[in-house]
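Below is one structure; the comments refer to it alone.
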Amino acid sequence: MARLILCFLLTVLLFSAGEVAAFEPEQEFARANEFYENQDFEAALQIYTDLTDRGYESAALFYNTGNCFFKMGELGYAVLYYLKARRLAPTDDDIEANLDFVRQFMPTRLEGVEVNPLVEFLNLLVDPFTLNRLAWIASLAFIIFILFLAAVVHFHMGGLGVRLIGYLLFVAMVITLGMATYKFRNDVLTEKGVIIATESSIYSAPAADSDVEFVGTYGLTFEVLGAADEYRLVVFENKRRGWIKKDDIEII
Amino acid sequence: MVRRVPVFFLVCVLLTGAAFSAADEVTVMMMLDRNIITMNDQARLTISVTGAKQNLPDPELPNLSMFDVIPQGTSTNISIINGEVQTTKSLTYVLSPRKTGAFVIRPAAVIIDHERYQSEELTLKVLDSDPTASSSTEKEAELSQNRQREVFLVAEVDKEEAYVNEQITLAIKFYHAVNLYSQPDYTPPQTTDFWTDMLEPQKSYYEMVGDRRYKVVEINTALFPTRPGELSIGRAMIQVQVPTRRRVRGNDPFSLFDNFFPRGETVTIRSKPLEVKARPLPTENKPENFSGTVGSFKITAVADKRNVDVNEPITVTYRISGTGNIKTVAEPDIGDLKDFRVYRASSSEKVSKINGMVGGTKIFEEVFIPNRAGKLIIPGVAFNFFDPVTKRYKTITTEDIQLTVSPVESEDYAEMPFRPVAGRVVDPNAKDIRYIKTNADLRLNRSLVVFSPLYLALNGVPVVLLIALLFLRRRNDRLMNDVRYARARGAKKMARKRLSRARQLAGSGNGGEFFGEIRLALFAYVADKAGISPHGMSSEQLLEIIRKAGAAETLIDKTADLLRQADFARYSSLEVTGAQMEDALRAAEEVLMNMEALKIG
């Protein structure tokens, strides 16, 4: 009996310890929020970045980190963290509002941005979803289609109605799979970044003595195309490309 | 005849062997288009590697340090003759000599399959001056030399002296008095001490030289000397196919047809090398921040607005235009301005070539963001260049740009580290970022769901199910429609049923019926597997079927024994013991199990 009680106590202790461990980052997050409330942005940022370094992530964590950076005058980093947050919560209105707000303070903006109507349409379709959510939707469409085929095979189903449903399910599967693939390409296969330096020269070659094509400022976003030593080949939204020092940028 | 046959075979074998060895052989050849050149001349070196491999490696170049080497490209030719692949890789280089003398070019080599193959060595003689060159200084003398020729090339410059970075126009004129059989292959002259800019389009006109009318194609290039001194312009070269000169074949009546079937020959013509003198820019009155621009230019500065708020950007466009090497025009020096933050927004250039002169416009856009309110001035920018016409340095300055900068009226941004850039305010009511979030929703390294085992399993299971159902349906369809297949599939099950029944009969002590069931189990099994009827099948036929199916002798013997035993028990009056039936049952099970491994039918 004594052993049973001991086992029970040990189990309770273990579970409660687990629960304490599970709440710890949440408590730290709350503590950082308190610092922020008291306008100690540096202390708040320290905790937020510590949580990130420990492998934790959430839209709220990145959003709050972005807020701290903004309050400390690091607009490049603020944009970076809002974009990280948006990737996890694409429909969050607060993230979008703060991103727009911060961009008011960016000294330069890209001229001559031409948006491909097809790309714009695809973005309109996939932007409201996270990659994981789209993957689940595509998976659901796929499973329903396959189960439908299995039912057709097993129960010897036929006729116009069955064929029509089959076509509809197939189209739904192709569309959702296409959307998920497009999102995967955008979010995973394509490396995107932000200029965090106050000013950064974009060179024609990966060398400091090459021609300066133009000068970018903090907050400008780009796609990374290649790398060479201390430089990254990047293309901006207006299709201008060049080599930028890797220390001047951060990858989203 | 008998003696000739071995000889014939021997010859065939030798020839085949020779053919194979030739196919496997790798040859490296090195050729020069000329063996003697002058200091102002160029030679074309071609290295060819031929072999049976499709991917031949590049040959190791010999030491060519006594020449300036300009690679001209690589070509690969693959031919398949009677199934044999023959690849030839050719690399061409233009050699410009650095000094006079006779130079030995060591063999070029290639290593294939640990074997080294190399070419012969060559000698190239470089003379101080062209022995065939005319000592005449006049173009007419050169032209008189060319007068008798059908095609020739002339190089001319518009001036023999110029300042560094001043334009010299080089004209390469291709004269031809005959029809050309091929598109001329033009190699421009070497101009290592110049910036070059092709002046397009090429001109085409007719010109009389002596009493002969030539068509002239003129290619003009603008040259800008990069350093002072005596600078040389190499030879331009054209390769073209022209009609072959034929002798009149006396009274040959067929000479009439010569004009119907004209033949061509490839000729290579070169222009004479030229020398120009590049004068250094004068040091007298040279501005301090002179950046080397030569020509005639003007500069303007235009601001996109003059009344702004604090932190509102003003874009000033500096436009430098004129005649000269526009590509070397440097960004105007704005200097440090304490009232503004300055950013370079963009720069662009547009090169124009009007009346054979290079010029154009270079535009620099600078963004000025005022730090404070008040009447501020963006000071004029000085731009200087050297004018080769007046031979003087000139400094031109843009006008000051006066701005009225108003303070930001709202105090809403007072707490912020930055001021918003006017014109970019998305929501005038939004005076700060939105507040932080309190719901942490923290997770450790959210991995992509598409790589999670659960996701893969969830998507994989329906696919496996579908495949299984398809397989099942196909099997059922076959069982329904293919009787032989159905019998073969059910043979084992039926045999087991019969053996089970035999076991029951063994328990009841009915030996005759027991062995009858054993016999039927064996015959029905083999017949079902073979797709034939068991009725009328003899023991010999059964044994023959399993023998053909690859049964081992022990299995055949065991089956034969079992059948004999069954026949004996069924037709003799002797009583069968329980132990005998038990043995027979075991033997039947073993035989059937072994038969399962055979491919009967």
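Laboratory data are not the source of any read-out in this text; all were calculated from the coordinates shown. No experiment lies behind these values; they were computed from the predicted model shown. Positions of Cβ are generated from backbone atoms using ideal geometry, with glycine treated the same way; all protein chains shown enter the neighbour counts.
At a glance:
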{"item": "Residues A:Trp243, B:Trp195, sorted so that the one with the fewest Cβ neighbours within 10 Å comes first", "result": "B:Trp195, A:Trp243"}
{"item": "Calculated FRET value between A:Leu189 and B:Lys215, using beta carbons and R₀ = 60 Å, to 0.05", "result": "0.55"}
{"item": "Mean ellipticity per residue at 222 nm, deg cm²/dmol - from DSSP H runs of n ≥ 4 across the protein assembly as shown, formula -39500 (n - 2.57)", "result": "-12000 deg cm²/dmol"}
{"item": "Reach of B:Lys599 by Cα under 26 Å, taken over lysines that are not fewer than 8 positions away in the same chain", "result": "B:Lys492, B:Lys493, B:Lys497, B:Lys529, B:Lys548, B:Lys558"}
{"item": "Pairs from A:Lys183/B:Lys327; B:Lys203/B:Lys362; A:Lys245/B:Lys89; A:Lys246/B:Lys394; A:Lys245/B:Lys327 whose Cα-Cα separation, in the structure shown, is over 31 Å", "result": "A:Lys183/B:Lys327; A:Lys245/B:Lys89; A:Lys246/B:Lys394"}
{"item": "Gyration tensor (Cα) of the stretch A:117-189, equivalent ellipsoid semi-axes in angstrom", "result": "29, 13, 7"}
{"item": "P(r) histogram, all alpha-carbon pairs of the protein assembly as shown included - 20 Å bins from 0, percent", "result": "9, 21, 23, 24, 14, 7, 1, 0"}
{"item": "Rh by Kirkwood over Cα pairs, then Stokes-Einstein D for chain A at 1.567 mPa s and 4 °C, µm²/s", "result": "59 µm²/s"}
{"item": "Tail weight of P(r) past 16 Å, computed on alpha-carbon pairs of the stretch A:191-251, percent", "result": "30 percent"}
{"item": "Debye log10 I(q)/I(0) at q = 0.17, 0.19, 0.23 Å⁻¹ for the stretch B:22-127, Cα point scatterers", "result": "-0.77, -0.90, -1.17"}
{"item": "Proportion of all alpha-carbon pairs of the stretch B:483-596 beyond 25 Å (%)", "result": "16 percent"}
{"item": "Surface/4 estimate of mean projected area, convex hull on alpha-carbon atoms of the stretch B:193-246, nm²", "result": "6.2 nm²"}
